[in-house]
Amino acid sequence: MLTDLLKDKPAIRPIEKAAVVVIGVGLMTLAAKVQIPFWPVPMTLHTLAVMSFALILGPRLSTAIFAAYLAAGATGMPVFSGSPERGVGLAYMMGPTGGYLLGYFIAACLVGVLGHGKPLLQRCMACLAGLIVIYGAGLLGLWAFVPSEKLLAAGLAPFLVGDLVKCALAVMITTLIAKSGQTSSGMQA
């Protein structure tokens with residue numbers, strides 16, 4: 001079953017896909033709750049989770065995981081970073097981080113399409129494309145809350161190096177999976 005899931009084959013039974021999505025939402029929630037001490041604000045593992053799911057599971061399952069994660073958050077479940085302290089539900093999603101959440105959703109699909117089962121360089125480029133989408137949507141959403149002249153300092157500069165490291169980790173994870181022989185989807189180390 002795991003090898004079939006990693007290939008993103010349509011022949012996988014719906015119950016197996018549902019189980020992967022539920023586990024993925026749990027891992028995505030954990031990634032949001034784990035905070036790495038960082039200056040000026042703590043950093044989460046969202047980027048690592050989104051990129052890893054997309055590269056390992058492909059566009060359909062990774063997008064389904066993030067859509068279910070957003071749906072859980074929209075209903076008020078405290079799945080987001082800083083929730084419930086900073087609010088839950090749609091109010092949280094419409095706040096300063098809402099654009100980043102949208103960016104993660106789009107990146108899950110884009111990185112899956114561009115990088116799943118692809119050679120190392122393509123996986124790296126897919127992650128960079130995903131980061132561009134995440135930051136583009138995130139900064140656009142943050143623009144409603146932060147003055148234009150402080151936008152890059154608040155929403156990009158503190159996170160860029162950490163996110164590049166998380167992308168590198170996601171690519172390394174997929175390389176290890178490819179080398180372990182768990183997939184035969186054409187992914188090359």
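The values are calculated or read from the model by the stated rules, or taken from the named source; none is laboratory data. Treat the numbers as computed from the prediction; the structure is a model and nothing was measured. So basically every Cβ, Gly included, is an ideal-geometry build from the backbone, and we count neighbours across all protein chains shown.
Go through (1) closer than 20 Å to ALA170 by Cβ; (2) part of a loop (DSSP other than H, G, I, E, B); (3) among the aromatic types (Phe, Trp, Tyr) for PHE80 and report which single condition fails.
The one condition PHE80 does not meet is (1).
Where residues in the range 22-46 are at pLDDT below 95 and in a helix (DSSP H, G or I), which of them is surrounded by the most Cβ atoms within 10 Å (Cβ to Cβ)?
HIS46
Matching residues to (1) under 22 Å from GLU16 (Cβ atoms); (2) out of contact with any Asp or Glu (no Cβ under 7 Å at 6 or more places or on another chain); (3) of a type in the set (Val, Ile, Thr):
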{"site": "LYS33", "(1), (2), (3)": "no, yes, no"}
{"site": "ILE36", "(1), (2), (3)": "no, yes, yes"}
{"site": "LEU45", "(1), (2), (3)": "no, yes, no"}
{"site": "ALA54", "(1), (2), (3)": "yes, yes, no"}
{"site": "PRO59", "(1), (2), (3)": "yes, yes, no"}
{"site": "ILE65", "(1), (2), (3)": "yes, yes, yes"}
{"site": "GLU85", "(1), (2), (3)": "no, yes, no"}
{"site": "LEU90", "(1), (2), (3)": "no, yes, no"}
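Matching residues to (1) assigned to a loop (DSSP other than H, G, I, E, B); (2) surrounded by 20 or more Cβ atoms within 10 Å (Cβ to Cβ); (3) out of contact with any Asp or Glu (no Cβ under 9 Å at 6 or more places or on another chain):
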| residue | (1), (2), (3) |
| --- | --- |
| ILE106 | no, no, yes |
| LEU131 | no, yes, no |
| VAL146 | yes, no, yes |
| ILE173 | no, no, yes |
| ALA178 | no, yes, yes |
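Report yes if LEU121 is assigned to a helix (DSSP H, G or I) and either among the basic types (Lys, Arg) or in contact with a helix residue (DSSP H, G or I) (Cβ under 9 Å, 6 or more places away or on another chain) (or both), otherwise no.
No: the conditions fail for LEU121.
What single numbered condition from (1) at pLDDT below 95; (2) of a type in the set (Ser, Thr, Tyr); (3) within 15 Å of the chain's Cα centre (by Cα) fails to hold for THR3?
Result: THR3 passes all but (3).
Give the range 155-171 a look and list any residue that's closer than 24 Å to GLY99 by Cβ and buried (at least 18 other Cβ atoms within 10 Å of the Cβ), or say none.
Within the range 155-171, GLY155, PHE159, ASP163, LYS166, CYS167, ALA170 meet the criteria.
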